[in-house]
Amino acid sequence: MFHLHSPQLLQMLEKSLRKSLPESLKVYGTVFHMNQGNPFNLKALVDKWPDFKTVVIRPREQEMADDFDHYTNTYQIYSKDLNNCQESLTTSDVINWKQHLQIQSSQSSLNEVIQSLAATKFVKVEHTQCILYVTPETARKLLPSLLETKNLHVGYGTPKAINEEMFKLSSMDPTHAALVNKFWHFGGNERSQRFIERCIRTFPTFCLLGPEGTPASWSLMDQTGEIRMGATLPEYRGHGLISHMLAVHTRALDQLGIPAYNHTDKANKIIQRISHNLHHIAIPCGWNQWNCEPL
């Protein structure tokens, strides 16, 4: 596969991926931030150029020194042609199947390709599917046809009011990574904590400080630009804090011109209700992650 080195080619790729939304969202969001300074030191590869069919975003080789760090060893994939995707990944060494890794995509249709490749490489795969949401402002800018066909809300919903005397809006500090790690569904280990620290240092973060002066609720982004990590301490749940956090974070990203989106588990009815109240739009193609481990 061909590595797109220059800023001009990456900008062309971003523009092209925009035409394939929402299926390309995870890759589009990643390339968007690559064009804003590439803070995670990622590289973009395509099967051919300019008429590509398959795109793979991955870290540079020097970033992937730890074979067990699947938070860093993460690939984002978008393909217009599944047969081409299978062939491109089979005939190249773009994916290092000897490592513990993650593959992310807005295309659930990639599952058959990934499962097939993993079987030939003797790799165990765990596929997670979640609901993928975009904000109304992001949908208005990037997915106007979706708004027209679905007759969806344009404009922000109203989050539940919070006690602003008790909870103060602030930003996260890298020292807060251990707290986030404790409550992140995909975290809970040393490697995830390092990943969280990097996300806090790199992207806009928001939190509500509780009476003790430490985060009671928070919202963080990952390298794809997705709002990926959000939680509220158990003792402060029921106060509308995560609704407030999500509203503040998504509006801030919208004002900065950054695509704003997030996912939630299909069983998490609370976040689904909050997303509905905030007029966030569920994307039909969904959110997908494949965790891969060599056997």
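The values are calculated or read from the model by the stated rules, or taken from the named source; none is laboratory data. Since the structure is predicted, the reported quantities are computational estimates derived from the model, not experimental observations. So basically every Cβ, Gly included, is an ideal-geometry build from the backbone, and we count neighbours across all protein chains shown. Heads up: the accessible areas ignore ligands, DNA and RNA and are worked out on the full protein's heavy atoms, side chains in. Shrake-Rupley method; radii C 1.70, N 1.55, O 1.52, S 1.80 Å.
Okay, here's what the table says:
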read-out: Within segment 162-186, tally of residues that are open to solvent by 70 Å² or more (accessible area, probe 1.4 Å) and touching a helix residue (DSSP H, G or I) at 6+ places or on another chain (Cβ under 7 Å); value: 1
read-out: All positions within segment 209-234 that are touching a residue at least 12 places away in the same chain (Cβ under 8 Å), over 25 Å from P59 (Cβ atoms) and out of contact with any strand residue (DSSP E or B) (no Cβ under 7 Å at 6 or more places or on another chain); value: P211, T214
read-out: Cross-chain or 6+ apart pairs with Cβ under 7 Å, segment 156-171 first and touching a residue at least 40 places away in the same chain (Cβ under 8 Å), then aromatic (F, W, Y); value: L169/F206
read-out: Within segment 253-271, considering residues that are surrounded by fewer than 18 Cβ atoms within 10 Å (Cβ to Cβ) and under 17 Å from the mean Cα position of the chain (by Cα), the one farthest from W97 (Cα to Cα); value: G257
read-out: Answer residue from segment 102-159, given it is over 22 Å from the mean Cα position of the chain (by Cα) and basic (K, R) and is modelled with the lowest pLDDT among those; value: K150
read-out: Condition check for G210: surrounded by 14 or more Cβ atoms within 10 Å (Cβ to Cβ) and either modelled with pLDDT of 90 or more or of a type in the set (K, R) (or both); value: yes
read-out: Residues that are touching a Ser or Thr at 6+ places or on another chain (Cβ under 7 Å), of a type outside the set (S, T, N, Q) and touching a residue at least 60 places away in the same chain (Cβ under 8 Å), drawn from segment 243-277; value: L246, D254, P259, A260, Y261, I274
read-out: Count - residues of segment 224-240 that are open to solvent by less than 10 Å² (accessible area, probe 1.4 Å) and assigned to a loop (DSSP other than H, G, I, E, B); value: 3
read-out: Residue within segment 241-248 that is touching a helix residue (DSSP H, G or I) at 6+ places or on another chain (Cβ under 7 Å), farther than 22 Å from S24 by Cα and part of a strand (DSSP E or B) present; value: no
read-out: S108, sole failed condition from (1) in contact with a Cys (Cβ under 7 Å, 6 or more places away or on another chain); (2) crowded, with 17+ Cβ neighbours inside 10 Å; (3) of a type outside the set (D, E); value: (2)
read-out: Verdict on L82 being open to solvent by less than 70 Å² (accessible area, probe 1.4 Å), within 27 Å of G257 (Cβ to Cβ), among the hydrophobic types (A, V, I, L, M, F, W, C) and at pLDDT 95 or above; value: no
